[in-house]
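The values are calculated or read from the model by the stated rules, or taken from the named source; none is laboratory data. Note that the structure is predicted; figures quoted are calculated from it, not measured. Counting neighbours? That spans all protein chains shown, and the Cβs are built from the backbone with ideal geometry, glycine included. The accessibility values were calculated without ligands, DNA or RNA, using every heavy atom of the protein model including side chains. Shrake-Rupley method; radii C 1.70, N 1.55, O 1.52, S 1.80 Å.
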Amino acid sequence: MSDKPRANVVDMKPVHHGGLDYASLRTNGIQPGEVTDFSVNVNPFGPPPPVQEAIASVDISHYPDTLYLGLRERIAAIHNLDPSQVLVTNGTSQAIWLLALAYLDSGDLSLIPMPSFGEYQTACSLMNSKAQHLWSRADDHFHPDAGIYSAWIRDHRPRIIWLCNPNNPCGYCLSENEIASILEVCSTYGGLLIVDEAYLNFVDAPLDLTPFLESNHLILLRSMTKDYALAGLRLGYILGMKTMISHLQLVQPPWSVNCGAQSAGITVLDQQSYYRDTWQQLRRLTDSFYLSLKRAEWIVHPTRTNFMLIRTGRGSHTRDFLWEHHLLVRDCASFGLPEYIRVAARFEEDNQRLITSLQAYRESTSSWES
Ligand SMILES: Cc1ncc(COP(=O)(O)O)c(C=O)c1O
């Protein structure tokens, strides 16, 4: 018997994500609280006290409800859907893996508009399926041309199209018409359009794609880790038609969402006015951060959500320089954008501190280059 896993597993590459590197913190003797983290796109306002209270009052000696009934009903009500159209997951990351498990056969083709979130590729690799990367142009702020994509899909008939909207790392949003045109092509041959809306709540006037679920060729993904600031608890969900959801449920490991996450999930949905207010404040902070970066003559791409791409020349150098100041940004090399960093908006004084340190970085590199 061989000690080797499947060949495609051996070939899989770990995905790079933003966030604190706990091993490096330990090596450098830095406490997590000493770092100002711009590398994750999480709501900096954090959860309100009732959420902590809800988690504290959970009886952890019981197994969690594997059907997530209470939370599922609440989510369904918010979207005007039936609970059978909702699957609660251990973050959107789990949702992505479940979709690959349920829908991709070895050799199937997927389309990933690039640049985009790395887990789509990993999920495809896990199933030994192929993913075609189609790149959009920096001149267009990486906004995909829906016409070109639709034509490509018509010609190649991918099993899955992984669309990240709002896009990570670029921050653009496709319009309803653009998505509808891609979905229409999928419907002609039986393709599945997956729209990852992890950052939708941060957007001003977000699209509601739920009426398109009836096409039977659309799945929507939501994360509750960023907008509701529950990153440490892991919570997300899938919206789709009843049969699709029941198939996805079959491949989900039991008790994927623990009691604390379920209880917190229900509580955050009771705190909508608190969160709506924080999302609005964060939009203002993002706009002012973006304008300040432009005024400081950085090349920044416009964003609809709470983070943005900045072209600094060498993202990894910028990241290392800022890290010395205990500021953490996302080096975008793993997105295929080595000249960029991605930063999420935080509070005004944090944003100003980053801009000041970026200026110091610019001065250090120009003296180094001259
Ligand atoms: C586009 C996108 N989808 C999904 C995820 C994963 O979210 P979660 O924390 O809910 O697993 C991320 C996290 O960075 C993301 O950027």
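Residue separation times 0.36 nm, minus the C-alpha to C-alpha distance between E214 and E324: what's the value?
Extra length available between E214 and E324 comes to 34.5 nm.
Using the basic label-point model (7 angstrom from Cα toward the beta carbon), what is the T365 to D21 distance in nanometres?
In this crude label model, T365 to D21 measures out at 1.8 nm.
Read phi for every residue in region 84-101 and hand back ³J(HN,Hα) as whole Hz from Karplus 6.51 cos²θ - 1.76 cosθ + 1.60, θ = phi - 60°, with x for Gly and Pro.
5, 9, 10, 10, 7, 10, 7, x, 5, 4, 5, 4, 5, 5, 5, 5, 5, 4
Karplus couplings for region 261-274 from phi (6.51 cos²θ - 1.76 cosθ + 1.60, θ = phi - 60°), rounded to Hz, Gly and Pro as x?
5, 5, 5, 5, x, 5, 5, 5, 6, 7, 10, 4, 5, 4
May I ask you to give the average projected area over all directions of the convex hull of the Cα atoms of region 1-63, in nm² rounded to one decimal?
About 9.3 nm², averaged over all directions.
Per-residue HN-Hα couplings for region 204-212, Karplus 6.51 cos²θ - 1.76 cosθ + 1.60 at θ = phi - 60°, whole Hz, x for Gly and Pro?
6, 6, x, 6, 10, 8, 4, x, 7
Kirkwood Rh, the chain, all Cα pairs: how many Å?
21.6 Å
Would you calculate, for the chain, the mean residue ellipticity at 222 nm contributed by helices, counting each DSSP H stretch of 4 or more residues as -39,500 (n - 2.57) and dividing by all residues, to the nearest 500?
-13000 deg cm²/dmol
Check cross-link reach from K4 to the lysines: straight Cα distance under 19 Å, and skip same-chain residues fewer than eight apart.
Straight-distance partners of K4: K13.
Can you pull the accessible area of V40 for me, 1.4 Å probe, Å² to the nearest 10?
It works out to around 50 Å².
If you roll a 1.4 Å probe over the heavy atoms of the protein chains, what accessible area per residue do you get for the chain, in Å²?
Here the residues of the chain average 46 Å² of exposed surface.
Can you check what the Kirkwood hydrodynamic radius comes to for region 38-77, Cα pairs only, in Å to one decimal?
Taking the inverse mean of 1/r over all distinct Cα pairs, region 38-77 comes out at 13.0 Å.
For region 13-150, what are the per-bin percents of Cα-Cα distances with bins 10 Å wide, up to the bin holding the maximum?
9, 21, 32, 29, 9, 0
Residues with amide H under 5 Å of M114's amide H, sequence separation 5 or more or different chain, H placed in the peptide plane at 1.01 Å from N; which?
The list, which skips near neighbours in sequence, is L134, W135, S136.
What is the distance in Å between the Cα centres of region 272-351 and region 1-52?
Value for the Cα centre distance between the two parts: 18 Å.
With a cut-off of 11 Å, note down the residues of region 319-339 whose backbone N falls inside the zone around a label point 7 Å from the Cα of K13 toward its beta carbon.
Inside the label zone: 333-337.
I need the per residue convex hull volume for region 107-183, using only the alpha carbons, in cubic angstrom as a whole number.
Taking only Cα atoms, region 107-183 has a hull volume of 77 Å³ per residue.
Ignoring any ligand, DNA or RNA, what whole percent of the accessible area of the chain comes from carbon and sulfur when the probe is 1.4 angstrom?
Solvent-exposed carbon and sulfur of the chain make up 52 percent of the total.
Given contacts defined as C-alpha pairs under 8 Å and at least six residues apart, what's the relative contact order of the chain, whole-number percent?
Rounded, it is 23 percent for the chain.
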